Structure formats: structure tokens, C-alpha cells
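Notes for the one structure printed next.
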Amino acid sequence: MAKSVRKKIAKELRQQLKLPKNSETTIFVAISGGKDSAVLLESLVDLVGDRPDVTIIAGTVDEGIEGYRPPSLICAQELCDTLGVEFITVSYPELSFKEMDEVVERIPALVKEGKNAPRMPCSYCGVFRRQGINHLAQKVNADFIALGHNLDDMAQTVLMNMTNGDLERTLRLAPHTTTPVDGLAPRIVPLRWIPEQEVHLYALHKNLPIHHEECPHAKGALRWRHREMVATMEEDVPGTRHGLLRMADNIKVLRDQVIDLGGFEARPDPPTLCPNCGQITSGNQCKACDLRALMSD
Ligand code: SF4
């Protein structure tokens, strides 16, 4: 099993990670202390870590969730120490966001005040964390951002985008190697064809230091519903996860064919910069700044 997992990761990495000749490449690996990103980092170190033209740096965003984040940070640090990888972190307060424990405490009052505030913790945290990952990647001048999404995660995301009718997000789905999203280091997802269970077994087989707990807020998230849906579908119709992911890939291929044929410009509009924080946004002020302002009222 371990050999087959490693083979699949190596194959996917060859397709996604296009290393330039005659220049150095920095890969920022977003790790959480969990199994997926641990397997990702271990595999990257094993597959390209010896190359003199490649630097691998790992980092974690500390959301400020007591009981969950501190022990997983210890695992992340331990993993990096074992693999000899530099480890960096950033916390929400360092990015001028409130810690998630405070956000969660304040959500009911914000909703009651009718401020159009999201009800789910992940609606805040997902936005803040994306900014955190971008921040860490920019800090180390990363050429690539590697994320540990496995097959189950990817299938859930495709289904969520579909049920939301969100074609643009489907087109922006990582990997970005062949279609970089302007202004951001391309995101690569070398585990995207590996089922979650295999990733877990691989992590145990390699004896990687991993934190096993889920975030206490995960169960309330919309993604959890999609997780259950995909798992049920996969049990009834094996291959569902692969099918969802293939469909997203096929949509991107179709988009590229239309462009190659000189058809309309099917790529999403290049994102603009938030006038407030300078981060990439598809609208005016970015979502992170909207939520930051909401919390500071
Ligand atoms: S489950 Fe939600 S609240 Fe918890 S870390 Fe993930 S995005 Fe943040």
C-alpha cells in the first residue's frame, strides 16, 4: 500500500510541480499537524527535498482554537524537526483577525444584531486561514504553495461548488500549475487522488507525528454535510469521488480548448487588489476585511 501511495504522489507531483531550469524554487507547504499535510510534507521531502535548487518550508496558521490548535502545533513542529524542515507560524491576531474562540463567542450576538453576519465559524475561519496561508507563502517568497487535500476533500469541494452553481470556483480549483491565478503562487495538491483512508494508513505506517482530533467546529460546517453525502455515494457507487474530480478536470480542459480555438475569454477575470489590505480579491474590499470590520464594531 505504501509503495502505491508513494507512486501516485510522485506521478501527480511530476504533473503539477514544473520546476524551472537554472533557477531556485521555494515550496511553501501548509501543514496543520494532521495526517494529510504530514504525508504531503514527508513525501515532498523524500521526492524533491534533496535537490539543491529546491527549498521546502512548512508553516501553520494558528486560528486560536483552544484544545485543538495547541496540540496540533506541537505535532507540526515535531514533524518539521524530524524532517529537517524550517517551520513558521502566524496567528490570527498577528493578521489583525480575532482568535476563533472569540469569534465563536460573538457570533450569536452579531447574528441577533442583524448585521448580516455568517452563522458558522468556518465561514470566518476559512477566509482568515486563506489569508494566513498567503501571508506565510509571501513571507518566504514561495513559488508554489503545497496543500494536503486528499481525494475525499477534493470530491467534497467539487460537489459543494456544483450545488452552489459556482463555475468560477470550479475553474479556480487547485492545481494551478497550468493556469496560475494571477498574483498568487500556484497551489499544488499532490495527494488529490489518494483516498483519505489510504493517507491515514500511510501516515501510521510511516509513524508520522499526527494530531488525530477534528476541529470542534467542523461538524457544524456545510462541508460536513457534503462529506457525509460523498461518503454515502462512494459506498453505494464506488468511484464517485474519482468521477467528481474528473468532472472538474474535464471542465478545465473544455475551458482551455475554447481558449485555444480563439473562442471567448473563458478564464475568470483577473482578480483586483483589496484597497484596504492589498490582498487579491474578486470584488472591491475583500471578504477578510469585511469580516474583520464586522468583528471590530
Ligand atoms: S473546521 Fe472550520 S473553524 Fe475549524 S479550523 Fe477548519 S475552517 Fe476553522
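Test of understanding: among 190, 186, 175, 195, which residue is more than 26 Å from residue 65 (Cβ to Cβ) and touching a His at 6+ places or on another chain (Cβ under 7 Å)? Sole residue among the options that is more than 26 Å from residue 65 (Cβ to Cβ) and touching a His at 6+ places or on another chain (Cβ under 7 Å): 186. Within segment 27-65, the set of residues being in contact with a helix residue (DSSP H, G or I) (Cβ under 9 Å, 6 or more places away or on another chain) and of a type in the set (Val, Ile, Thr) comprises 27, 29, 31, 39, 45, 48, 54, 56, 57, 60, 61, 65.
Is there a residue being within 18 Å of the chain's Cα centre (by Cα) and within 12 Å of the ligand (Cβ to nearest atom) anywhere in segment 105-121? Reasoning before the result, please.
If we filter segment 105-121 for residues that are within 18 Å of the chain's Cα centre (by Cα), which is where we start, we get 121.
With within 12 Å of the ligand (Cβ to nearest atom) added as a condition, the list becomes 121.
For segment 105-121, residues within 18 Å of the chain's Cα centre (by Cα) and within 12 Å of the ligand (Cβ to nearest atom): present.
One residue stands out in segment 87-104 among those that are loosely packed, with under 15 Cβ neighbours inside 10 Å, assigned to a helix (DSSP H, G or I) and touching a residue at least 12 places away in the same chain (Cβ under 8 Å): the one that is farthest from the ligand (Cβ to nearest atom), namely 93. The set of residues from segment 57-74 being in a strand (DSSP E or B), among the β-branched types (Val, Ile, Thr) and touching an Asp or Glu at 6+ places or on another chain (Cβ under 8 Å) comprises just one member, 57. List the number of the failed condition for residue 56; all other conditions in (1) more than 13 Å from the ligand (Cβ to nearest atom); (2) surrounded by fewer than 20 Cβ atoms within 10 Å (Cβ to Cβ) hold. That leaves (2) as the condition not met. In the set 14, 51, 6, only one residue is farther than 30 Å from residue 124 by Cα and not in a helix (DSSP H, G or I); that residue is 51. The set of residues in segment 67-86 that are farther than 19 Å from residue 47 by Cα, surrounded by 18 or more Cβ atoms within 10 Å (Cβ to Cβ) and away from the ligand (no atom under 16 Å from the Cβ) is empty. Scanning segment 189-217 for residues that are touching a Pro at 6+ places or on another chain (Cβ under 9 Å) and under 27 Å from residue 172 (Cα atoms) yields 189, 190, 192, 215, 217.
What is the residue count in segment 107-128 for residues that are surrounded by fewer than 21 Cβ atoms within 10 Å (Cβ to Cβ) and in a helix (DSSP H, G or I)? Give the derivation first.
Step one: filter segment 107-128 for residues surrounded by fewer than 21 Cβ atoms within 10 Å (Cβ to Cβ), giving 107-120, 122-123, 126-127.
Checking which are in a helix (DSSP H, G or I) leaves us with 107-112, 122-123, 126-127.
So the count comes out to 10.
Computed from the coordinates by the stated procedures, all read-outs in this text should not be read as laboratory data. Since we're looking at a predicted model, the values are computed, not measured. Every residue, glycine as well, gets a Cβ built from its backbone with ideal geometry; the counts of neighbours run over all protein chains shown.
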